[in-house]
Amino acid sequence: MGLFLVVCSMAVYLAYYRTASERTRAYLQDIISKLPAPVVISNAAGTITYANGTVSAIFNQSPTEIIGKRYVDIFMADMPEDEAGHYYIEILGDQNNVFNEIGVRPFGCPIWMTARLICMGRGRNREMVTLLSNSEEVSRAASSIKLQPA
């Protein structure tokens, strides 16, 4: 009987915190959806899990078409597949560095953009928020296909 009560208490505890986490995530996505800059969120597996409405201007696709695609296919299309994958893991896996700034060419477009990357969480729950902005400095500095910290 004691074990049953412990299990029931744990179930209630986990349900409460799961609901609170979902509420917080929905609140943050509501805030991000109102930003005038394109924002994309990807998970530890490299899959895009969220994109705000502003990404339509850059990608010529709705956010629902971008969700579920691989991050490297969208932001690192000019790089070889294995190099892009390693670079994504390197950025996301650095637990000490939560902020990066790189130059990207989404879908291989000719205009370089600044991507500000903010990594949050740990392990399989780690996520990366990408905020895009036009950058003439990045386009001048990028003479070849390079994704290096700006």
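What about TYR88, is it within 18 Å of ARG116 (Cβ to Cβ) and in contact with a Phe, Trp or Tyr (Cβ under 8 Å, 6 or more places away or on another chain)? Spelling it out, TYR88 is indeed within 18 Å of ARG116 (Cβ to Cβ) and in contact with a Phe, Trp or Tyr (Cβ under 8 Å, 6 or more places away or on another chain). Over 16 Å from LEU117 (Cβ atoms) and among the hydroxyl-bearing types (Ser, Thr, Tyr): is that true of THR24 in this structure? Yes. Selection of the range 21-75 for residues being farther than 16 Å from GLU127 by Cβ and acidic (Asp, Glu) yields ASP30, GLU65, ASP73. Reported count of residues in the range 1-27, each being under 27 Å from ILE91 (Cβ atoms) and either open to solvent by 90 Å² or more (accessible area, probe 1.4 Å) or aromatic (Phe, Trp, Tyr) (or both), is 3. The set of residues in the range 77-109 that are modelled with pLDDT under 80, within 14 Å of the chain's Cα centre (by Cα) and not in a strand (DSSP E or B) comprises LEU92, GLY93, VAL98, PRO106. Inspect all residues belonging to the range 49-63 and state whether any of them is surrounded by 19 or more Cβ atoms within 10 Å (Cβ to Cβ), farther than 24 Å from ASP30 by Cα, over 15 Å from the mean Cα position of the chain (by Cα) and at pLDDT below 85. For the range 49-63, residues surrounded by 19 or more Cβ atoms within 10 Å (Cβ to Cβ), farther than 24 Å from ASP30 by Cα, over 15 Å from the mean Cα position of the chain (by Cα) and at pLDDT below 85: absent.
Residues in the range 67-78 that are surrounded by fewer than 20 Cβ atoms within 10 Å (Cβ to Cβ) and in contact (Cβ under 8 Å) with a residue 24 or more places away in the chain were compared, and the one that is nearest to ILE48 (Cα to Cα) is ARG70.
Checked against the criterion of being hydrophobic (A, V, I, L, M, F, W, C) and open to solvent by 30 Å² or more (accessible area, probe 1.4 Å), the candidates VAL129, VAL98 yield just one match: VAL98.
The values are calculated or read from the model by the stated rules, or taken from the named source; none is laboratory data. What you are looking at is a predicted structure, and each value in this text was computed from that prediction instead of being measured. Cβ sites come from the backbone with ideal geometry, for glycine too, and all protein chains shown count toward neighbours. Heads up: the accessible areas ignore ligands, DNA and RNA and are worked out on the full protein's heavy atoms, side chains in. Shrake-Rupley method; radii C 1.70, N 1.55, O 1.52, S 1.80 Å.
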